[in-house]
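Just below is one structure, and these are the notes that go with it.
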C-alpha cells in the first residue's frame, strides 16, 4: 500500500525482492488479483441470500470477531467503530461471505457466512452491543458451523483458542480468507516482571492461521496510546500478513478497504529444497510503500 493506505496495482516482478531464510529467491511471475475478480452476483440475490451456497474459488471469506470485555470496559471503542459502519460496503462486496462472532468468556456465533450486508451492519451496530447471541444450528459446508459447531465454540476459554479454532475451520475454504479482530489485547500482563505472558495456545494459534492461509487484521479498541497487551495483537497481524491499527488513530474501514482491494500472487523459486517452516521476507523497491505479507510458510 502507498503512504495513504491505498493499494498499488500494476507492479511487476522487477518491483519485488524476496528472501527465504535470508537467501535471495528468484521471482518467476507476479499476478495482481483485484477484489472484484470473483464471480459477482446480481444485486437482488446479494441482498436476499443469507445462507451459504456453492462458491467460486475467488470468493472472499471474512470473519468479524469482536473481543468483548466481560465488564464492558472497552465497549466505548467498539461503539466508536459502529459510527463508521456506513463504510462497511467499502470492505464487503457482493461476492464476499461474512461471518460475525464475539468472544467474552467463550466464543459466540451471531451470523454464519452471508452476503447480506444490511444484516451484517445490523448485527455490528446494534445486536453485538445490546442483544444476546442467537441460537445457531449446524449448517452444511461451506458454512462455518459445518467445521466449528456452536457447541465446540461455546467451550473455548481464550481469544487465542478461538482464533486457533477459526483457523482450522477456515482451512478447507478456497480463495482469500480474512479475520478482522476488534479487540483489546492478548496475554496476561505481569506487572511485577514487566512482561506479557502469552496464552498456551498462542503458538498453536499462529500455526493454525498459517496453515489455513488466513490474514488477520487487528483493530485495537482500547483508548490508549499504548498498552502492553496490544503486543499480542501486533504479532498476530504481522505474522499472518495483516496489520494492527488503533480504532482511535485512523478511519478503520478506509484502511481495511485499501488492504483488501486486492492482492499479489508471487510465484517464487526457493533457493534450496529445505522443507518445514521457512522464513520469508517480501519487499517492494519503492519509497514509502508498505508491504503486507506473511513472514513464514510451510514447505512440503
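Structure notes:
- Here the peptides 63-70, 109-116 are ranked by packing, the mean other Cβ count within 10 Å, and the order with the highest first is 109-116, 63-70.
- Projected label points at residue 296 and residue 200, each 7 Å from Cα along the beta carbon direction, are separated by 2.0 nanometres.
- Based on C-alpha pairs under 8 angstrom that are at least 6 apart in sequence, the range 139-250 has a relative contact order of 27 percent.
- Taking the range 219-236 and a reference point 7 angstrom along Cα→Cβ of residue 193, the backbone N atoms nearer than 18 Å belong to 228-232.
- The equivalent ellipsoid of the chain has semi-axes of 29, 24, 20 Å, largest first, where each one is the square root of 5 times an eigenvalue of the Cα gyration tensor.
- For the chain, the 222 nm mean residue ellipticity estimated from helices alone, with every DSSP H stretch of n ≥ 4 adding -39500 (n - 2.57) and the total spread over all residues, rounds to -6000 deg cm²/dmol.
- Footprinting exposure proxy ranking of 275, 19, fewest other C-beta atoms within 10 angstrom first, gives 275, 19.
- Relative contact order of the range 117-183, pairs being alpha-carbon contacts under 8 Å that are 6 or more residues apart, as %: 20
- Set of the range 250-289 residues, backbone N closer than 19 Å to the point 7 Å along the Cα-Cβ line of residue 12: 264-269, 283-287
- Per residue, the average separation of C-alpha pairs within less than 8 Å and at least 6 apart gives the chain a relative contact order of 27 percent.
- Antiparallel %, DSSP beta bridges [both residues in the chain], to 5: 55
- Each 10 Å bin from zero up to the one holding the largest Cα-Cα distance in the range 170-300 carries the following percent of pairs: 11, 37, 35, 15, 2.
- Gyration tensor verdict on the range 135-223 (Cα atoms; rounded if a/c is under 1.5, prolate if a/b is larger than b/c, oblate otherwise): prolate
- Distance from the range 110-124 to the range 168-227 (C-alpha centre basis), Å: 23
- Taking the average, over residues, of other Cβ atoms within 10 Å as the packing measure, peptides 184-196, 229-241 rank 229-241, 184-196 from highest down.
- Hydrodynamic radius (Kirkwood) for the range 173-225, which is based on Cα pairs only, to one decimal in Å: 13.1
- Burial ordering of 265, 284, fewest other beta-carbon atoms within 10 Å first: 265, 284
- Kirkwood-Stokes translational diffusion coefficient of the range 191-251, alpha-carbon pairs, 37 °C, 0.692 mPa s, µm²/s: 260
- For the range 123-261, the share of DSSP beta bridges that are antiparallel, to the nearest 5, is 25%.
Rule-based calculations on the coordinates, nothing more; no lab input. Not measured: the values here are computed from a predicted model. Quick reminder, even Gly has a Cβ in these numbers, built from the backbone with ideal geometry, and neighbours come from all protein chains shown.
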